1. For residues in segment 178-217 being within 30 Å of residue 63 (Cα to Cα), of a type in the set (S, T, N, Q) and in contact (Cβ under 8 Å) with a residue 40 or more places away in the chain, which is surrounded by the most Cβ atoms within 10 Å (Cβ to Cβ)?
2. Looking at the structure I just gave you, is residue 79 at pLDDT below 95 and over 25 Å from residue 184 (Cβ atoms)?
3. Tell me which residues, restricted to segment 82-109, are within 23 Å of residue 195 (Cβ to Cβ), modelled with pLDDT of 95 or more and of a type outside the set (Phe, Trp, Tyr).
4. Which one is modelled with the lowest pLDDT among residues in segment 174-217 that are among the hydroxyl-bearing types (Ser, Thr, Tyr), over 17 Å from the mean Cα position of the chain (by Cα) and in a loop (DSSP other than H, G, I, E, B)?
5. Look at residue 151 and say whether it is surrounded by 14 or more Cβ atoms within 10 Å (Cβ to Cβ), among the β-branched types (Val, Ile, Thr), in contact (Cβ under 8 Å) with a residue 40 or more places away in the chain and in a strand (DSSP E or B).
6. Looking at 171, 124, which is the one that is surrounded by 14 or more Cβ atoms within 10 Å (Cβ to Cβ), over 17 Å from the mean Cα position of the chain (by Cα) and not β-branched (Val, Ile, Thr)?
7. Output the residues belonging to segment 81-110 that are hydrophobic (A, V, I, L, M, F, W, C), more than 18 Å from residue 144 (Cα to Cα) and assigned to a helix (DSSP H, G or I).
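The values are calculated or read from the model by the stated rules, or taken from the named source; none is laboratory data. Every value quoted in this text rests on a predicted model; they were computed, and no experiment measured them. Every residue, glycine as well, gets a Cβ built from its backbone with ideal geometry; the counts of neighbours run over all protein chains shown.
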Amino acid sequence: MGWMLSMNNFNDPIIRQLGLISYTKVLSMMHQFTHFRKNVKMKDEIWLVQHPPVFTQGKSSKKNIPSDIIGIPCIKTDRGGQITYHGPGQQILYFMLDLRYRKINLSTLVRLLETIAIHTLHHFRIPGYRCSGLPGVYINKKKICSIGLRIKYGCSLHGLSINISMDITPFLYINPCGTNMFVTQMSHFIPHISIDEVLPILISNCISLLREESNNK
């Protein structure tokens, strides 16, 4: 069952919990939302989502990949980045932000999303870090958080995914995000951790770091 969290401050995004929902449905919803707000002033939104098992191929990928891998559908999409995997137990945050209004560019947004993930991991004493030249967040030379974005009409679509407690076996069938790195997740460091434990920290970091970015303008 979904829920919505709305702050009084217009600069704070609406947070929507959409639960487990298909990738194609959310992709359509993101584009509808972004097209509608092209000429209408609307509050920014962040959507909290999990997907049924799916591979997604970003625009940076030059390989032609099959329509499914090990029985899991593979969908070409319009975000940046290459191929990755989504499945239950991985928390995804889709950021529908008006970058013109917030006066931030794509590189600033990528760094902001990385910081949200890093602060969340550090809260649980998991030492996440950036890796120069590779978007996302890493631990012990393994990837735990992926970032893929698109900018349209000055607004962002897509966002970040953080591996919490999931079956990471499907990552073995691809070259995640075009790197040769292995993938890890929070449950490797904290057994039995759940999305319900992590989500309030993620939300708190999203709101506080977006406020901080706005206050710096």
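1. 185
2. Numbers: at pLDDT below 95: yes; over 25 Å from residue 184 (Cβ atoms): no.
For residue 79, the condition - at pLDDT below 95 and over 25 Å from residue 184 (Cβ atoms) - is not met.
3. 86, 87, 88, 89, 90, 91, 92, 93, 96, 97
4. Among those residues, the one meeting the criterion is 179.
5. Numbers: surrounded by 14 or more Cβ atoms within 10 Å (Cβ to Cβ): yes; among the β-branched types (Val, Ile, Thr): yes; in contact (Cβ under 8 Å) with a residue 40 or more places away in the chain: yes; in a strand (DSSP E or B): yes.
So residue 151 passes the test.
6. Values: 171 fails: over 17 Å from the mean Cα position of the chain (by Cα).
Every option except 124 fails the conditions.
7. If we filter segment 81-110 for residues that are hydrophobic (A, V, I, L, M, F, W, C), which is where we start, we get 83, 92-93, 95-97, 99, 104, 106, 109-110.
Add one more test, that the residue is more than 18 Å from residue 144 (Cα to Cα), and what stays is 95-97, 99, 104, 106, 109.
Answer for segment 81-110, where residues must be hydrophobic (A, V, I, L, M, F, W, C), more than 18 Å from residue 144 (Cα to Cα) and assigned to a helix (DSSP H, G or I): 99, 106, 109.
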